[in-house]
Amino acid sequence: MKTLKSNIDKAEIADMEVAAFGGRIIVVQSAAEAEKAVAYLNGQPYVGIDTETRPSFRRGQTFGVSLLQVSTADTCFLFRLSRTGFTEGMKCFFQAASPLKIGLSLRDDFSRLHSAGDFEPRGYVELQECVSQMGFEAQSLQKIFAILFGRRISKAQRLSNWEADVLTDAQKLYAATDAWACIRIYEELERLKKEKFELVHNMV
């Protein structure tokens with residue numbers, strides 16, 4: 001029987017090897033490119049999703065979503081929404097039951113995306129609900145991933161400028177990894193549901 005921690009502390013995560021997405025990363029910068037990307041994604045059974053927003057360091061200042069990441073197991077599309085706009089294809093994608101859209105804190109992501117375009121989300125899986133139902137206490141992507149795989153997702157680029165003229169390789173890898181990690185977590189949770197495992201509840 002596999003034994004897993006229900007939660008984990010940051011000090012333990014810091015000592016872990018870094019995990020990173022190893023597939024294709026495609027930056028989408030026009031409405032036409034966005035529609036082609038969505039057409040490809042619509043043929044997938046499930047995808048991981050996440051968003052990035054330009055950080056604000058001034059009180060009262062907020063920005064719209066800069067980047068929408070949608071990943072399969074081997075390809076991640078980075079939609080630069082300030083350039084593509086929220087296309088009709090994107091709206092249909094989020095309102096369709098398929099593909100299954102997997103993410104963490106999706107309510108926040110959907111709320112932010114509504115500033116780019118109106119849609120009624122369907123066909124999604126909230127990972128925080130999944131882990132809670134299975135007895136895990138961890139709720140962050142980094143902690144859940146560390147518990148399941150013993151590897152660390154770097155957060156070094158989180159507060160970088162997501163509206164920069166050109167995204168750095170480090171930014172692209174960070175963004176793709178977050179979306180891809182959602183798929184890996186979902187697949188592992190589905191596997192765990194089919195076999196016996198024990199949770200160790202520890203003080204964090």
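Of (i) 12.0; (ii) 11.4; (iii) 14.6, which one was derived for mean projected area of the Cα convex hull in nm² from the structure shown? From the options (i) 12.0; (ii) 11.4; (iii) 14.6, the structure gives (i). Each of PHE197, LEU41, ALA164 was scored by the projection of its Cα onto the charge dipole of segment 2-200, and the greatest displacement toward the positive side belongs to ALA164; charges sit on the C-beta of Lys, Arg, Asp and Glu.
Calculate, for GLU163 and GLU137, the FRET efficiency according to 1/(1 + (r/R0)^6) with r their C-beta to C-beta distance and R0 35 Å; round to the nearest 0.05. Efficiency at R0 = 35 Å is approximately 0.50. Annotation: lysines with alpha-carbon distance below 23 angstrom to LYS143 (same-chain offsets under eight excluded): LYS2, LYS5, LYS10, LYS101, LYS155, LYS172, LYS193, LYS194, LYS196.
Check every DSSP H run in the chain and write down those whose alpha carbon atoms cover 24 angstrom or more along the long axis and whose mean Kyte-Doolittle hydropathy is -1.0 or greater. Taking the DSSP H segments of the chain (at least 24 Å long, mean hydropathy at least -1.0), we get 169-193. Per residue, the chain reaches -11000 deg cm²/dmol at 222 nm when only DSSP H runs of four or more residues are counted, each adding -39500 (n - 2.57). When restricted to Cα atoms, segment 98-199 yields an Rg and a Dmax of 15.2, 49 Å, respectively. Full extension of the segment from PHE119 to ALA11, taken as 0.36 nm per residue of separation minus the current Cα-Cα distance, would add 34.9 nm.
Distance between the pseudo-spin-label points of PHE197 and ALA156 (7 Å out from Cα toward the beta carbon): 2.9 nm.
Annotation: amide H of LEU100 within the under-5 Å range of TYR46, VAL47, sequence separation 5 or more or interchain, hydrogens built in the peptide plane.
Where a number appears in this text, it was derived from the coordinates with a stated rule and is not lab data. Quick caveat, the model's predicted, so the values are computed rather than measured. Glycine gets a Cβ as well: all are built from the backbone with ideal geometry, and neighbour counts include every protein chain shown.
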